[in-house]
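What follows is one structure encoded as structure tokens, with my remarks underneath.
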Amino acid sequence: MAKKRNGRQDAIREIVRNKDVRTQRMLVEELKKCGFDCTQATVSRDIADMGLRKLPEGVYVLAEDLHLQRMTSELVVDVTRADNLVLVKAQPGTASGIAAAIDAAELPDVLGSLAGNDTILVIARTAADGERLEAMITKLGSVRK
């Protein structure tokens, strides 16, 4: 049972990081697409166990991504991607703090980051990983493209 739960929670982590999940029902549907047959009550327990929170915009975010969300929503100005390289533009003097938050989130697709005064270069494993990272930072920071 624990193995099933861990696999399901790993899938929830991936779904929440990559999609705008607004309801438990939506999360159940996404899990079914991934091959997990579960009920809304099960998902509700997983949400509580994992410490998921809802942003004011109505989307779920992982507890470990909350610090990153706060940093990006207040300080990130723009996000641009070139293959597996994601360039994050920020308010002057804040790049190192944002890079530290990205590193602390331990995102599986991220190899590392470099920060200057107002620019962060984040290196993803692949171009697809870079695309997901760009979308996630944009979603967390409500950066308008």
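The values are calculated or read from the model by the stated rules, or taken from the named source; none is laboratory data. This one's a predicted model, so the numbers in the text were calculated from it and none came from an experiment. Every residue, glycine as well, gets a Cβ built from its backbone with ideal geometry; the counts of neighbours run over all protein chains shown. Accessible surface is based on the protein model in full, side chains and every heavy atom, while ligands, DNA and RNA are left aside. Shrake-Rupley method; radii C 1.70, N 1.55, O 1.52, S 1.80 Å.
Worth a mention:
- Scanning the stretch 5-30 for residues that are in contact (Cβ under 8 Å) with a residue 24 or more places away in the chain, over 17 Å from the mean Cα position of the chain (by Cα) and surrounded by fewer than 14 Cβ atoms within 10 Å (Cβ to Cβ) yields a total of 1.
- Every residue from the stretch 114-141 that is open to solvent by less than 40 Å² (accessible area, probe 1.4 Å), at pLDDT below 95 and in contact with a helix residue (DSSP H, G or I) (Cβ under 7 Å, 6 or more places away or on another chain): 136, 137, 140, 141
- In the stretch 62-77, residue least open to solvent (accessible area, probe 1.4 Å) [restricted to those that are farther than 16 Å from residue 134 by Cα and of a type in the set (A, V, I, L, M, F, W, C)]: 62
- Listed by first and then second residue, the pairs linking a residue in the stretch 40-53 that is open to solvent by 50 Å² or more (accessible area, probe 1.4 Å) to a residue that is aliphatic (A, V, I, L, M), with Cβ atoms under 9 Å apart and 6 or more places separating them unless they lie on different chains, are 40/27; 40/28; 53/61; 53/62; 53/63; 53/66.
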